[in-house]
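As structure tokens, the structure follows; a few thoughts come after it.
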Amino acid sequence: MSTQDTPDPDEYVRKNKGTLVEIIKHSNDTFVRALCLAALTEYGDDPDPEDIKAELEAFTDLGGDE
């Protein structure tokens, strides 16, 4: 894959925000959920701090167990 074929992270997150949110809400894999949350935080629109706090608390409540 060339550099030209690599999707822009901002564009990818913008186009796939709904899917990323669904993964965060419903996935049993905490690592994948964390990756999706990180992508939304880094490349998404300015997130609502309360939404991020709620997601982090939900993630913390899982205790990191797989």
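Structure above, values below:
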read-out: Contact order normalised by residue count of the range 13-66, Cα under 8 Å, 6+ apart, percent; value: 37 percent
read-out: Among (1) 23, 54, 20, 3; (2) 15, 17, 15, 12, 11, 13, 11, 7, 0; (3) 20, 49, 24, 7, 0, the entry that matches P(r) over Cα pairs in 10 Å bins from 0, in percent as calculated here; value: (3)
read-out: Of the DSSP H helices in the chain, those whose Cα atoms cover at least 20 Å axially and whose Kyte score averages -1.0 or more; value: 9-26
read-out: Peptide ranges 18-30, 49-61 listed from the most packed, as the mean C-beta count within 10 angstrom indicates; value: 18-30, 49-61
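Coordinate-derived values only; no laboratory data. Nothing here was measured: the structure is a model prediction, and the numbers come from that model. Note that we place each Cβ from the backbone using ideal geometry, even for glycine, and neighbour counts take in every protein chain shown.
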